1. Step through the table entries Lys227/Lys287; Lys117/Lys216; Lys31/Lys190; Lys64/Lys263; Lys32/Lys67, compare each Cα-Cα distance with 23 Å, and write down the pairs that go over it.
2. Would you mind getting the Kirkwood hydrodynamic radius of the range 1-115 from its Cα pairs, rounded to one decimal in Å?
3. When you count, for each residue, the other Cβ atoms within 10 Å and take the mean per peptide, how do 181-193, 222-234 rank with the highest first?
4. Among 107-118, 13-24, how do they line up from the highest to the lowest mean number of other beta-carbon atoms within 10 Å?
5. Sort the range 88-159 into rounded, prolate or oblate with this rule: let a ≥ b ≥ c be the square roots of the eigenvalues of the Cα gyration tensor; rounded if a/c is under 1.5, and if a/c is not under 1.5, prolate when a/b is larger than b/c, oblate otherwise.
6. How about the range 42-72: which trypsin sites (Lys or Arg not before Pro) there are in a DSSP loop, with at most 16 other Cβ atoms within 10 Å of their Cβ?
7. Using mean Cβ contacts within 10 Å as the protection proxy, how do 547-553, 171-177 order, highest first?
8. First select every other residue whose beta carbon is under 11 angstrom from the beta carbon of Pro226; then total the charges, Lys and Arg +1, Asp and Glu -1.
Amino acid sequence: HSAIWLEVRKIAFSIPEEVQLLRVMSFSFAKKISFKEVLFTDATVPGIVSILEDLPKLVEVELKDCKLLGTGHWDIQIQANQSQSLRVLTIEKLSIEEFYLFTDLQAVLDLLSIFTKITVENTKVFLVPCRLSQQLLSLQYLDLSANLLGDQSLEHSACQGGWPLLQTLNLSQNSLSDLKMTGKSLSHLKKLILLDISQNNFGEIPDVCEWPENLKYLNLSSTQIPKLTTCIPSTLEVLDVSANNLEEFSLQLPLLKELYLAKNQLKTLPDATAIPNLVAMSIRRNKLNSFSKEAFESFKKMELLDASANNFICSCKFLSFIQHQAGIAQVLVGWPENYICDSPLVVRGTEVGAVQLSLMECYRSLMVSLICALVFLVVLLLVAIGYKYHAVWYMRMTWAWLQAKRKPKRAPPKDICYDAFVSYSENDSNWVEDVMVQELEQACPPFRLCLHKRDFVPGKWIVDNIIDSMEKSHKTLFVLSEHFVQSEWCKYELDFSHFRLFDENNDAAILILLEPIQSQAIPKRFCKLRKIMNTKTYLEWPLEEEQQEMFWFNLKVALKS
């Protein structure tokens, strides 16, 4: 009995017998009952209404995402006990498959006079019968948003004598298209104060319209209005015309206190003399780039101005003007982010008087251009430095090293195909191919040599060819000469050999000095080659024929080791 809110969820009431499950609620003192994802039929609605009428403290009934199978032809006449407490009915997204055949709810007319607040949202309502509207004698709040009401059906729904005490009416997201007819249909509602007809499609509006005489709040946002006219009632205190195509605002609204103009095309502030009592205005996301001191000071009673997300040109003069405009309690202007200023004017917690705008904030276009030029010069300088100091070569060598590190240190013996891989300059090819290859491959037993011209796989990346050839070779022969250290081809082979061979501290590398060469002549980027020439013995090709036999003997011994 202590529960004040009961919720019935995911239950199907298809036959009257199933409704008796709810009979226990008759003894509850709950103030609110919610039905969510519940199935009703024409046969079960009378029984459920009867149970709800018996709840002594029930104030609100809510239906969300429910389904009704039927057309309102209820078999049993609902006997109205006239609940003394029930006041609020909320229906959201009620599915009625044959909604176009639904009746005029004649059976429940006697139950409706007690409600003060009714919401029927997103339920495909296209008409409220006139007799039903006339029976809503206590209704003060009506929400019919996201339905199918049109101009003609609204005229019938809001007939004479209907909704006599209505103060708030929400008709947003319907099918209204004639603002003059909408105003005329509602003009007899003497008590109506707030009207929301946003997200309809009115387009062009006339110059003269009829409205409820006490209307103070009007929402016309997102209604495709290109220009405001005197059709707008002069009794308004709050007007929302956001998200339209307005390029100006020149209405005379002497009582207006709040004005919402966001998401339009305005380039200047409205004329303050036409809205002298304005207290708050939102003009964000328009096309303002500045406003004059006179236009700003003319709003005598303004307490809040939201002009953020516009195209303000930040200047020291504009900032100085804002700094001394303490009459407005809060100003949102936004350069280039939203600065929130209050009295004493504050920008993000700091008094505006103490704020010094940076060059970037005051001269953004110039500063962006200078920064772009500076970035371009820095990139150009880095490219030049990289070219001079062989940055690309070092990156290629690092890539080769990373590839090599992911592979086994040594290939299995069964994968060794060559006795030696020969690295040499193209300028030394005559000696290599005509002298060394002939001597070694025709020896007894012959040596198997890997030459790039003959044994590299066509179409394969050169670094991969070098890595694979060295891994499949027992030794690597480097034929060193002045041409070798200047050859771009040999750089690739030395890239890998630096990390793959020399880092292993083994004797896989055999150096042949084809001609006298100083270690200082080797480029500095081949630092490890310079070091190995200073620390390891290498074979030097003799010009005298009698010494060449000893050279070949030593080379063959090295290859066999």
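Rule-based calculations on the coordinates, nothing more; no lab input. Only a predicted model underlies this, so the values are computations on that prediction, with no experimental measurement involved. As a convention, Cβ positions derive from the backbone with ideal geometry for all residues, glycine included, and neighbour counts pool all protein chains shown.
1. Numbers: Lys227/Lys287 16 Å; Lys117/Lys216 20 Å; Lys31/Lys190 31 Å; Lys64/Lys263 33 Å; Lys32/Lys67 20 Å.
Distance filter (> 23 Å) returns Lys31/Lys190; Lys64/Lys263.
2. Details: mean 1/r = 0.0694 Å⁻¹.
One over the average 1/r among Cα pairs gives 14.4 Å for the range 1-115.
3. Numbers: 181-193: 19.2, 222-234: 16.9.
With the highest mean Cβ count within 10 Å placed first, the list reads 181-193, 222-234.
4. On the way: 107-118: 17.8, 13-24: 14.4.
In decreasing order of mean packing, 107-118, 13-24 become 107-118, 13-24.
5. On the way: a/c = 1.35, a/b = 1.25, b/c = 1.08.
Note, shape of the range 88-159 comes out rounded.
6. Working: sites: Lys57, Lys64, Lys67; in loops: Lys57.
Here the sparse-neighbourhood loop sites are Lys57.
7. Working: 547-553: 12.4, 171-177: 20.4.
By packing density, highest mean first, the sequence is 171-177, 547-553.
8. Working: positive: Lys227; negative: Glu204, Glu247, Glu248.
Every neighbour counted, the sum reads -2.
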